[in-house]
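Structure first, commentary second.
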Amino acid sequence: MSIKLMTEAWGTSGLNASQKLVLLSICDYANDDGYCWPRIKVLAEKCDISERAVQYNISRLIELGILEAKTRLTRFGTQGSNLYRVLLGGGEADCTLENTTFFMGGGEASCTPYI
């Protein structure tokens, strides 16, 4: 849980109640760099809204530039939960999910800029 990101999320204006709730739930799973990978079902249960509503609100947060999402594949090649990065509170300007390395075994995500 990132207290820093949760504080930033509470102060974010221009969101409706369900968008803010989904953002806060994602921040609750995120590390201080903004990375997390909760399942849609888990977020829906936590927010007490439908999975479709979570998906819609995540797409709005992405459109607003508050969140990035990247599809993750399991070791069997099937889709796993998405990797999310919350874009609040600064962070590394040149770090995006496109140049992020995700370490499945260690449960860590870190920015690895291309050289």
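The values are calculated or read from the model by the stated rules, or taken from the named source; none is laboratory data. Remember, predicted model here, so these are calculated numbers, not experimental data. No Cβ is skipped: glycine too gets one built from the backbone with ideal geometry, and neighbour counts run over all protein chains shown.
Would you confirm whether any residue within region 68-91 is of a type in the set (S, T, Y), surrounded by 10 or more Cβ atoms within 10 Å (Cβ to Cβ), at pLDDT 95 or above and in a loop (DSSP other than H, G, I, E, B)?
no
What number of residues within region 5-26 are surrounded by 15 or more Cβ atoms within 10 Å (Cβ to Cβ) and assigned to a helix (DSSP H, G or I)? Steps first, answer last, please.
Initially, region 5-26 is screened for residues surrounded by 15 or more Cβ atoms within 10 Å (Cβ to Cβ), giving 5-6, 8-9, 12, 15, 18-26.
Retained after the next criterion (residues that are assigned to a helix (DSSP H, G or I)): 5-6, 8-9, 18-26.
Total meeting the criteria: 13.
If I ask for residues that are loosely packed, with under 15 Cβ neighbours inside 10 Å and charged (D, E, K, R), which ones from region 27-50 would you list?
Selection gives D32, R39, K41, E45, D48.
How do the pairs read when you match residues in region 31-54 that are in a loop (DSSP other than H, G, I, E, B) with residues anywhere that are acidic (D, E), using Cβ under 9 Å and keeping only pairs 6 or more apart or on different chains?
From region 31-54, the pairs are N31/E108; D33/E92; G34/E68; P38/D28.
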